[in-house]
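Visitor: Mind having a look at this structure? Questions to follow.
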Amino acid sequence: MRTVRLVAALVLAAGFTLALPTTAHADQTRDSQWYLNSLHVTDAQKFAQGKGVTIGFIGGTVDATHPDLADAVASTHDFGASEQDNAEQSGTGPASVLAGRGHGGDKGVLGVAPKAQLALAFVDTGQEDLGRRGVEIAQAMQYLLDQHVDLIVVTVPAPSDNTGNVQKLTDQAYNDDVPVISASGDHASGVSPNEAYFPASSRHAIPAVGATKDGKFWPRSVPPTPDGADERSQPLTLAAPAAGIVSARANGKYGTADGTAFAAALTAGTFALVKSRWPDVTWDEIVGHVIGAASNGNKYDDKLGHGVVDPCKALGSAFGSHKTVGREGKCVPTADGDAAVGGPSAHRDNTVLASAIGLIGVAGLAALVLAVRVRDRRGSSRTATNQARP
């Protein structure tokens, strides 16, 4: 198993794979962002755009001078980016689909949460010392939690958590009501896809697997049930587009790329919009709500998990009820949705179940799974949840 894992790791790209140079120009970029339409992002942004939300971003270095990321970066911290990382600035793409502002009105990349702020934490995206990446991710998570970010997204997961610190910090984030969304990882053709990556495979993490343009499972994405994953992480799996993603690149450029790094960024953007609209939500409430609004409804797919995220449904639905109005494939603000701006109750013991039931029905798997999680939480002390996974 260790040999297979090493082989798989050596063929992984840094969370995503860049396509051969086919650079898009700024005046073409917005129209090429097909996922804005498929996720109804601009309609979701009628409710919220991420204002007041700080997202901890862990991944490759980012070109913060790119026109589409102007005023998006609140802070940066380097935990081990290599010279190659600094040259490629591979984190620019995922950061732009997460919080890109665009420029010149309707030009450039528009992110899911264009008014959110990014706290950037750079890690080594190379393959030479894969064990080190897990250490750097843990360091970055601790730093971001100390900065009191609202959520964390890991676009470049690690193939191991030998020290157990990633798990400890994912537990700490859970206790601090900070969702941790992680790319599930990418694998090359012909290599076993069932290798666990962290924190995607840690309990209390929300793994983001890749989806294609037609909403099917992206075949190079590590599926929701890899070997070595904590079984408690699997009921939380969500999906988002990961193939043919137009995004920003270093030095003011644009291009197309694939990878679960983008799925993680788009999923995190959905969480940021919900957090922006309902600032006082707890971990259980926001996770239950986003899961309940995903495409699979009351079904859990062994590849897509709860399905593709739906920012529009999540933003247009009041907590505890499914009030979204659909018109020509779009969601529109409704009186019920607007009335829900005050947010849900803050009782952590039962809000996951209530939110999920309201969105997907009593028989919904998301509600059942999350109810089990809440009961598990009642049966264990806060100290115990902060310990490393056995």
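Visitor: Enumerate the calculated ³J(HN,Hα) couplings along the range 70-79 in order (Karplus 6.51 cos²θ - 1.76 cosθ + 1.60, θ = phi - 60°), each rounded to whole Hz, writing x wherever the residue is Gly or Pro.
Guide: Calculated HN-Hα couplings, in order: 4, 6, 8, 9, 8, 6, 9, 8, 9, 10 Hz.
Visitor: Measure out, as a whole number of angstrom, how far apart the alpha-carbon centroids of the range 285-305 and the range 127-166 sit.
Guide: Centre-to-centre distance over Cα atoms comes out at 25 Å.
Visitor: Leaving out same-chain residues fewer than 8 places away, which lysines sit with a Cα under 30 Å from that of K303?
Guide: The reachable lysines, counting only those whose Cα sits under 30 Å from K303, are K168, K213, K216, K275, K313, K323, K330.
Visitor: Right, next: Could you put S182, S32 in order, starting from the residue whose Cβ has the fewest other Cβ atoms within 10 Å? The partial results should precede the final answer.
Guide: Details: S182 33, S32 17.
Exposure proxy ranking, most exposed first: S32, S182.
Visitor: What shape does the range 252-298 take by its C-alpha gyration tensor, where a ≥ b ≥ c are the square roots of the eigenvalues and a/c under 1.5 counts as rounded, a/b above b/c as prolate, and the rest as oblate?
Guide: Working: a/c = 3.33, a/b = 1.70, b/c = 1.96.
Taking the square roots of the gyration eigenvalues as a ≥ b ≥ c, the range 252-298 is oblate.
Visitor: Pull up all non-local amide H partners of R101: gap of 5 or more, or a different chain, and H-to-H distance under 5 Å with H placed in the peptide plane.
Guide: L69, A70, G111
Visitor: Could you give me the ³J(HN,Hα) list for the range 240-248, computed from phi with Karplus coefficients 6.51, -1.76, 1.60 and θ = phi - 60°, whole Hz, x at Gly and Pro?
Guide: 7, x, 9, 10, x, 8, 7, 8, 6
Each value in this text was obtained by applying a stated rule to the coordinates, not by laboratory testing. What you see is a predicted model, and the numbers here were worked out from it, not measured in a lab. When we count neighbours, we look across all protein chains shown, and the Cβ atoms used for this are built from the backbone with ideal geometry, even at glycine.
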